[in-house]
Amino acid sequence: IQGKPIAFGGRTLKDEDAKYINSPETPAYVKGRNLFGLNLTRDEIRRQGFAILVEGFLDLIVPYQFGIRNVIASLGTALTPDQAKLMGRFARKVVVNYDGDDAGIQAAKKAIEILLAEDIEVKVLVLPDGSDPDEFIRKAGTTEYQRQRGEAQPYLQFVIDQAVRNRKISNPADKEAAIDEVLPYIRAVHSRL
């Protein structure tokens, strides 16, 4: 948080087994307790009143280079409760902008549950064509990204849309499966209302 290096990470340039290579965990560096870029973006997050949560290094670096300064990354790992608590110190509203592929959608759904447990207001941004923030901003630019971000869905609408996708809701079994998929997100809300 203070901007002192605690580990190193990089992205491979060739087709390797791992896309990202990181320092091993140490007592000072536990991936699940840190957020990449927070030292650079925390003041802007506070100023704007919300954070944009992305998955990886480049999904933070490229938007930051293009002037979007309220971004944080979960170090390419599934979001943890410790990361959500840390995020909550700087913003009570988060826009989850993970990759639009199936893995990114599933990771976003897990992140929603964790953020709701910390009583953080959540919206979800899925970019067109399953793009990640890095490639989308390079192609479409900052203005279009910010427009898309402004239309981010409330988390419950996102979860419902995902639950009914590829299901025939007129079929009782599909309807029950969709309801079962949505219920955990409703239960995760602290407010009795």
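Tallying residues that are in contact with a helix residue (DSSP H, G or I) (Cβ under 9 Å, 6 or more places away or on another chain) and part of a loop (DSSP other than H, G, I, E, B) within segment 1-37 yields 10. Among the residues of segment 140-193, just one is in contact (Cβ under 8 Å) with a residue 40 or more places away in the chain and on the phi > 0 side of the Ramachandran plot, namely Gly141.
Given the structure, is Asp15 over 20 Å from Pro5 (Cβ atoms), open to solvent by 10 Å² or more (accessible area, probe 1.4 Å) and touching a His at 6+ places or on another chain (Cβ under 8 Å)? So Asp15 fails the test. Tell me, please, whether a residue that is under 19 Å from Met87 (Cα atoms), open to solvent by less than 30 Å² (accessible area, probe 1.4 Å), under 19 Å from the mean Cα position of the chain (by Cα) and not acidic (Asp, Glu) can be found in segment 22-30. Checking segment 22-30: not a single residue is under 19 Å from Met87 (Cα atoms), open to solvent by less than 30 Å² (accessible area, probe 1.4 Å), under 19 Å from the mean Cα position of the chain (by Cα) and not acidic (Asp, Glu). Considering only residues in segment 159-193 that are among the hydroxyl-bearing types (Ser, Thr, Tyr) and under 23 Å from the mean Cα position of the chain (by Cα), the one that is least open to solvent (accessible area, probe 1.4 Å) turns out to be Tyr185.
The residues of segment 79-93 that are buried (at least 21 other Cβ atoms within 10 Å of the Cβ) and closer than 19 Å to Lys109 by Cβ, listed by number, are Leu79, Gln83, Ala84, Met87.
Counting the residues of segment 1-12 that are under 21 Å from Arg89 (Cα atoms) and loosely packed, with under 10 Cβ neighbours inside 10 Å gives 4. Annotation note: of Ala107, Ala91, the sole residue that is in a loop (DSSP other than H, G, I, E, B), closer than 26 Å to Pro63 by Cβ and either without any contact (Cβ under 8 Å) to a residue 12 or more places away in the chain or aliphatic (A, V, I, L, M) (or both) is Ala91.
Selection of first residues in segment 23-49 that are in contact (Cβ under 8 Å) with a residue 40 or more places away in the chain and of second residues that are in a helix (DSSP H, G or I) and surrounded by fewer than 17 Cβ atoms within 10 Å (Cβ to Cβ), restricted to Cβ pairs under 6 Å at least 6 apart or on distinct chains, gives the following pairs, ordered by first then second residue: Gly32/Asp82; Arg33/Asp82.
Among the residues of segment 60-78, those that are open to solvent by less than 10 Å² (accessible area, probe 1.4 Å) and either within 22 Å of Gly130 (Cβ to Cβ) or in a helix (DSSP H, G or I) (or both) comprise Leu60, Val62, Pro63, Ile68, Val71, Ile72, Ala73, Ser74.
Quick check on segment 110-123. Is at least one of its residues closer than 13 Å to Phe158 by Cβ, buried (at least 18 other Cβ atoms within 10 Å of the Cβ) and small (Gly, Ala, Ser)? So far as segment 110-123 goes, yes, one or more of its residues are closer than 13 Å to Phe158 by Cβ, buried (at least 18 other Cβ atoms within 10 Å of the Cβ) and small (Gly, Ala, Ser). Only a single item in (1) open to solvent by less than 10 Å² (accessible area, probe 1.4 Å); (2) of a type in the set (A, V, I, L, M); (3) closer than 20 Å to Phe158 by Cβ is not met by Leu38, and it is number (3). Residues considered: Tyr155, Tyr98. Of these, the only one that is surrounded by 21 or more Cβ atoms within 10 Å (Cβ to Cβ), of a type outside the set (Val, Ile, Thr), at pLDDT below 95 and farther than 27 Å from Glu25 by Cα is Tyr155.
The values are calculated or read from the model by the stated rules, or taken from the named source; none is laboratory data. Since the model is a prediction, treat every value here as computed from it, not as a measurement. Backbone-built Cβ (ideal geometry, glycine too); neighbour counts: all protein chains shown. Note: accessible area is taken over every heavy atom of the protein model, side chains too, but ligands, DNA and RNA are not part of it. Shrake-Rupley method; radii C 1.70, N 1.55, O 1.52, S 1.80 Å.
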